[in-house]
Amino acid sequence: LFAVLSIAALSSAQVEMYVDGGTTNYAGGGVLTVNAVDGNELIHEIHVENHSGMEKDWYVSRTRINRPVTWTDFLCWGHQSDQFGGICIDGETMDMDPWSMLPSQAVTVSDGEYGFISSHIVPNITDPAIVTYRYYIGTILNPYEDSMDIEVSLVLSVPEIVLLPINIYPNPT
């Protein structure tokens, strides 16, 4: 029983996912909620830390939930030491659900190092929605080793109408 609990504890702490230098670990299905403004591109850097005790050849998969057809997304995936951003996959290549990198596009991440996903989401102002993008990190044998979600809200707001008092003079009645 002790051995099983030890293995379970170790396996649950193998991957940690942090967004934009933050301290919240989103691995294990955590959700980052963001609001899109005026359909501008959203860019988030997700650090995927390896705490498995061994070197891993990781690659990325992505699923979009409830995405309007006019929204686009793409990503780059690289090692922490890659000054040029790693492998970038364009939106046309990724325009399927689910989408996965090719095994040849895996990035080797040693224990204690991280890889980073540069997530680019481009909502369209003409299609307001709440859309979830799920990013998986995995290996050939386990492509869905861990995940996190980015939930994007693009909801058009109606400006508040302020009624001004109107007085008409003279009042003939």
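Here the Karplus curve 6.51 cos²θ - 1.76 cosθ + 1.60, taken at θ = phi - 60°, turns the phi angles of the stretch 115-129 into couplings of x, 9, 9, 9, 8, 10, 10, 10, x, 10, 4, 7, 10, x, 6 Hz, with x standing for Gly and Pro. Given a Förster distance of 30 Å, report the FRET efficiency between residue 130 and residue 23 from their Cβ-Cβ distance, rounded to the nearest 0.05. Rounded to the nearest 0.05, the efficiency is 0.75. Here the Karplus curve 6.51 cos²θ - 1.76 cosθ + 1.60, taken at θ = phi - 60°, turns the phi angles of the stretch 62-71 into couplings of 8, 10, 10, 10, 6, 8, x, 5, 7, 7 Hz, with x standing for Gly and Pro. Normalised by residue number, the volume inside the convex hull of the Cα atoms of the stretch 65-118 is 101 Å³ per residue.
Once you have the Cα-Cα distance between residue 105 and residue 34, take 0.36 nm times their residue separation minus that, and quote the gain in nm to one decimal. All intermediate terms of the calculation are to be shown ahead of the outcome.
Numbers: separation 71, 0.36 × 71 = 25.56 nm, distance 2.86 nm.
Once the chain is fully extended between residue 105 and residue 34, it gains 22.7 nm.
Our Cα-only numbers for the stretch 1-150 put the radius of gyration and Dmax at 15.7, 56 Å.
Every number here is computed from the coordinates shown, using simple stated rules; none is lab data. Predicted, not measured: the structure shown is a model, and the values here were computed from it. Cβ atoms come from the backbone with ideal geometry, glycine included; neighbour counts cover every protein chain shown.
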